[in-house]
Amino acid sequence: MLIGAHTSSAGGPAKAIERAEKMGAQVVQVFTQSPRAWRPTPISDDQAAKCRLALCESETVERIYCHATYLINLASPEKELFKRSVECFASNLLACESITSSGLIFHPGSHRASGLQAGLVSIAQGIASAVEIASRDFGKNFRTSVLFENTAGAGDTIGRTFEDLAQLIERTESILAGKYSINFGVCIDTQHLWASGIDYSSASKVESVIAQFDSVIGLGRLKAIHLNDSKVALGSNRDRHANLGVGSIGADCLGLLIAHNAFNAADCILEVPGPNGKGPEAIDIEQARKIYSDGLKVWESNH
Ligand SMILES: [Zn+2]
Ligand SMILES: [Zn+2]
């Protein structure tokens, strides 16, 4: 399992790789633009080339992921917001392609009382439109995957259950089938999972969560894990990340989950507040490695 962190991309995405290297990260996640503004921050050809080169030459960082803009809501019943979301998602996709990102991770959105089914249909159609727009610049074969992230389950958010995520993959793929080549997968956020009421506080509970994931979504779809502890309790439906080991999940449970062999091929990305509240630092990555190796020991002794 590769372990890394979300990092600032101020000064261009190549800078983020530099920062990640200093932290000892093996994967890095960045925003393609300011996450709370619609206007895209264009990544120049020069910046994109520098990023690709930095990624090739880095001895520690193997992959870069992008987190989509928070404002995007492809499930919105409001036409104007939907349209803006499609355009923004398309520019996120273009940014991903230009820097050879492995995945665009995004929160599926909120149906705002229009109903879950209407929301799922809207998201699938929105992604298909964005893929069509982005393909005008990059062709029909996408290198980046689109990864649906599970949510903490607040309000009308979509993606709080494995069933939601499976449906999103299925519906989007069926619209795009035969027209474009782009992979869809899942990013599981450990804090959102906990907040959405999924309990993994013992080895047997971890086994049953993983079995459920496999039967509903399929383990092959799991590409990334957002590794975060939780400031709020199990089932509280709020998105509040805590540093590893000091939240309501705790180091032992996080270790059990991520060290399960079913998660081996997924990349692990920290989004914790960090020691200074400014995001993950080297010490958080060290801690994640320790949690992971302690988890491995538990599984080894169990078998
Ligand atoms: Zn996350
Ligand atoms: Zn979160």
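The values are calculated or read from the model by the stated rules, or taken from the named source; none is laboratory data. Remember, predicted model here, so these are calculated numbers, not experimental data. Glycine gets a Cβ as well: all are built from the backbone with ideal geometry, and neighbour counts include every protein chain shown.
Side notes on the structure shown:
- Scanning region 180-202 for residues that are under 16 Å from the mean Cα position of the chain (by Cα), among the hydrophobic types (A, V, I, L, M, F, W, C) and more than 16 Å from ligand 1 (Cβ to nearest atom) turns up just one, PHE184.
- Some residue of region 203-216 being closer than 22 Å to ILE158 by Cα, in contact with a helix residue (DSSP H, G or I) (Cβ under 6 Å, 6 or more places away or on another chain) and within 16 Å of ligand 1 (Cβ to nearest atom): no
- Subset of region 251-292 that is among the polar types (S, T, N, Q) and more than 17 Å from the chain's Cα centre (by Cα) - its residue that is farthest from ligand 2 (Cβ to nearest atom): ASN261
- Condition check for ARG136 on (1) under 20 Å from ALA177 (Cβ atoms); (2) touching a residue at least 24 places away in the same chain (Cβ under 8 Å); (3) surrounded by fewer than 24 Cβ atoms within 10 Å (Cβ to Cβ): one failure, at (2).
- With respect to the stated conditions, THR151 fails to be within 16 Å of ligand 2 (Cβ to nearest atom) and modelled with pLDDT under 95.
- Only one of ALA233, ALA224 that is within 16 Å of ligand 2 (Cβ to nearest atom) and either part of a helix (DSSP H, G or I) or surrounded by fewer than 20 Cβ atoms within 10 Å (Cβ to Cβ) (or both): ALA233
- Verdict on VAL61 being out of contact with any strand residue (DSSP E or B) (no Cβ under 7 Å at 6 or more places or on another chain), more than 16 Å from ligand 2 (Cβ to nearest atom) and aliphatic (A, V, I, L, M): no
- Scope region 165-201; condition assigned to a strand (DSSP E or B) and either buried (at least 24 other Cβ atoms within 10 Å of the Cβ) or touching a helix residue (DSSP H, G or I) at 6+ places or on another chain (Cβ under 7 Å) (or both); matching residues: PHE184, GLY185, VAL186, CYS187, ILE188, ASP189
- Filter result for SER114 (surrounded by fewer than 23 Cβ atoms within 10 Å (Cβ to Cβ) and within 16 Å of ligand 2 (Cβ to nearest atom)): no
- Under the condition of being touching a residue at least 60 places away in the same chain (Cβ under 8 Å) and assigned to a helix (DSSP H, G or I), the residues counted in region 47-105 number 3.
- First in region 181-209 and free of Cβ contacts under 8 Å to residues at least 12 places away in the same chain, second anywhere and assigned to a loop (DSSP other than H, G, I, E, B) and of a type outside the set (Phe, Trp, Tyr), Cβ under 6 Å, 6 or more apart: LYS205/ASP199
- Selection within region 1-25 - surrounded by 21 or more Cβ atoms within 10 Å (Cβ to Cβ) and assigned to a loop (DSSP other than H, G, I, E, B): THR7, SER9, ALA25
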